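A short worksheet on the structure shown next.
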Amino acid sequence: MYDYLIVGQGIAGTSLAHLLLEEHRKVLIVNDESQPSSSRVAAGIFNPLTGKKLVKTWMADELFPYAATFYRAGERKLGALFYHPLNSFRPYRSVAEQNDYLALAADASVAAYVETNPDLAAYHHIHHPFGGLEVLGSGWVDIPLYLEASRRCFQRTDSYVNAAFREEDLRWDEAGISWQGLTFKNVILCQGVLARDQSFFGWLPFHPVKGQVLDLRVTDYGIRNIVNQGIFLLPRQQDMVRAGATYTWHDLDWEVTEDGRQYLEDKLRPLLKTGYQVTGQQAGIRPSVKDRRPLIGRHPDRPGLWIFNGFGSKGVTLVPFFARQLADHLSGEKELDPAVNIERYFSLFYQSNFPKH
């Protein structure tokens with residue numbers, strides 16, 4: 001008898017599995033490696049201040065410190081370096097924007113995340129005629145490295161299987177939930193956007209967003225921080241830079257497009273002073289939600305069936321914190337935050353399964 005079957009080994013399933021295994025739970029992660037995954041192509045950027053108006057990210061004061069502790073502990077456990085704190089440089093587009101940003105930076109709740117006098121010489125390849133500021137507390141997580149190192153860890157403890165998962169293969173009986181001849185007390189679905197096409201949780205209001213990124217070679221780039229003005233420029237190794245991302249709510253497939261490339265290059269040219277070569281392009285589908293809050297909780301009609309999903313483009317900071325909360329909830333120690341609990345959408349389940357006549 002297993003305690004948990006976790007379906008999906010993206011950032012959500014991986015992080016939750018680590019916490020449950022550390023509590024000495026018996027866990028099996030099933031992951032279909034032939035399926036596309038947004039986690040594998042995500043840039044992994046985290047940023048406490050977002051958008052043109054430097055809006056403070058929801059729960060930033062709690063999420064960001066916890067994520068830093070979580071990933072650093074993961075690096076020690078897994079023997080891999082995937083957590084990279086970096087400042088994010090925001091060039092001003094105009095004197096008016098400079099004035100607006102400096103006024104916003106004076107707000108006490110924002111000031112701790114802003115450096116208003118950065119070393120502009122460090123951004124020699126970036127157009128910044130009006131100067132700029134740096135957002136502190138940002139950075140990126142090398143998600144593919146995190147997932148691969150975690151997979152090797154799970155395999156060493158016989159906690160991982162590469163297999164296709166079909167919801168119709170689950171069976172409920174007095175002993176628990178069975179799958180492939182094994183029995184589980186709980187099943188937690190962490191399948192990202194794939195969940196919207198399944199009957200168990202397809203009634204939830206997913207609002208998926210397609211995103212594309214470009215991989216660039218920029219000779220002598222040398223900028224070690226993230227640059228953000230409409231798009232981000234994320235320094236990787238040597239002269240490699242990732243640029244992104246697009247946001248589209250149509251054509252929700254995993255294919256890159258010429259329109260996506262053109263959009264990013266149109267944003268890139270006025271920002272980058274030097275030449276570049278596009279070396280790759282990737283696409284993914286973010287499992288976003290209409291109210292921009294995660295989807296976590298127990299199915300209203302299936303005992304032992306849970307979902308841990310809906311983290312959108314902010315998964316690298318949301319996932320660790322709420323994985324901890326869900327793990328505590330499963331052990332009876334803590335209630336789920338109502339803002340993320342899927343109970344807020346139970347009416348949709350009952351409307352779809354018991355329509356009025």
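General remarks:
- Residues of the stretch 108-120 that are of a type in the set (A, V, I, L, M, F, W, C), free of Cβ contacts under 8 Å to residues at least 12 places away in the same chain and under 22 Å from Pro85 (Cα atoms): Ala111 alone.
- The residue of the stretch 169-215 that is nearest to Ala17 (Cα to Cα), among those that are open to solvent by less than 30 Å² (accessible area, probe 1.4 Å), out of contact with any helix residue (DSSP H, G or I) (no Cβ under 8 Å at 6 or more places or on another chain) and hydrophobic (A, V, I, L, M, F, W, C), is Val187.
- Looking only at the stretch 46-102, and only at residues there that are β-branched (Val, Ile, Thr) and modelled with pLDDT under 95, the one that is surrounded by the fewest Cβ atoms within 10 Å (Cβ to Cβ): Val55
Conditions (1) part of a loop (DSSP other than H, G, I, E, B); (2) touching a residue at least 60 places away in the same chain (Cβ under 8 Å), marked per residue:
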residue	(1), (2)
Ser178	no, no
Val213	no, yes
Leu216	no, yes
Thr219	yes, no
Ile223	yes, yes
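- When residues in the stretch 228-253 are screened for being under 24 Å from Asp142 (Cβ atoms), open to solvent by 70 Å² or more (accessible area, probe 1.4 Å) and within 21 Å of the chain's Cα centre (by Cα), 1 of them pass.
- Some residue of the stretch 88-107 being touching a residue at least 40 places away in the same chain (Cβ under 8 Å), of a type in the set (S, T, N, Q), in contact with a strand residue (DSSP E or B) (Cβ under 6 Å, 6 or more places away or on another chain) and more than 27 Å from Thr157 (Cα to Cα): yes
- Look at the stretch 31-43: where a residue is at positive phi, no partner that is surrounded by 15 or more Cβ atoms within 10 Å (Cβ to Cβ) and at pLDDT 90 or above sits 6+ places away or on another chain with Cβ atoms under 6 Å.
- Every pair of residues 6+ apart whose Cβ atoms lie under 6 Å, when the first sits in the stretch 44-73 and is touching a residue at least 24 places away in the same chain (Cβ under 8 Å) and at positive phi while the second is open to solvent by less than 70 Å² (accessible area, probe 1.4 Å) and not small (Gly, Ala, Ser): Gly44/Trp140; Gly44/Val141; Gly44/Ile143; Gly44/Val316; Leu54/Leu104
- Candidates Gly13, Gly51: the one that is small (Gly, Ala, Ser) and within 13 Å of the chain's Cα centre (by Cα) is Gly13.
- Looking only at residues in the stretch 225-246 that are in a loop (DSSP other than H, G, I, E, B) and touching a strand residue (DSSP E or B) at 6+ places or on another chain (Cβ under 8 Å), the one that is farthest from Pro294 (Cα to Cα) is Asp239.
- In the condition set (1) of a type outside the set (Asp, Glu); (2) within 30 Å of Arg166 (Cα to Cα); (3) out of contact with any strand residue (DSSP E or B) (no Cβ under 8 Å at 6 or more places or on another chain), Gly222 is compliant with all but (2).
Results for (1) under 22 Å from Ile231 (Cβ atoms); (2) in contact with a Lys or Arg (Cβ under 9 Å, 6 or more places away or on another chain), shown as yes or no for each residue.
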site	(1), (2)
Val55	yes, no
Asp61	no, no
Lys77	no, no
Leu81	no, no
Phe89	yes, no
Tyr92	yes, no
Glu97	yes, yes
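- Looking at Val278, Val316, just one residue is within 15 Å of the chain's Cα centre (by Cα) and open to solvent by less than 40 Å² (accessible area, probe 1.4 Å), and that residue is Val316.
- Any hit, the stretch 257-266, residues being among the hydrophobic types (A, V, I, L, M, F, W, C), open to solvent by less than 50 Å² (accessible area, probe 1.4 Å) and free of Cβ contacts under 8 Å to residues at least 60 places away in the same chain: yes
- Among the residues of the stretch 216-227, just one is under 20 Å from Phe46 (Cβ atoms) and open to solvent by 40 Å² or more (accessible area, probe 1.4 Å), namely Arg224.
- Only residues that are assigned to a helix (DSSP H, G or I) and over 24 Å from Gly137 (Cβ atoms) were counted across the stretch 17-37, and they come to 4.
- Test: Gln9 is in a loop (DSSP other than H, G, I, E, B) and open to solvent by less than 10 Å² (accessible area, probe 1.4 Å): yes
- Residue within the stretch 127-142 that is surrounded by 13 or more Cβ atoms within 10 Å (Cβ to Cβ), more than 21 Å from the chain's Cα centre (by Cα) and assigned to a helix (DSSP H, G or I) present: no
The values are calculated or read from the model by the stated rules, or taken from the named source; none is laboratory data. Computed from a prediction, not measured in an experiment: that's the story for all the values here. With ideal geometry, Cβ positions are generated from the backbone for all residues, glycine too; neighbour counts draw on all protein chains shown. These accessible areas exclude ligands, DNA and RNA; they are computed on the full protein's heavy atoms, side chains included. Shrake-Rupley method; radii C 1.70, N 1.55, O 1.52, S 1.80 Å.
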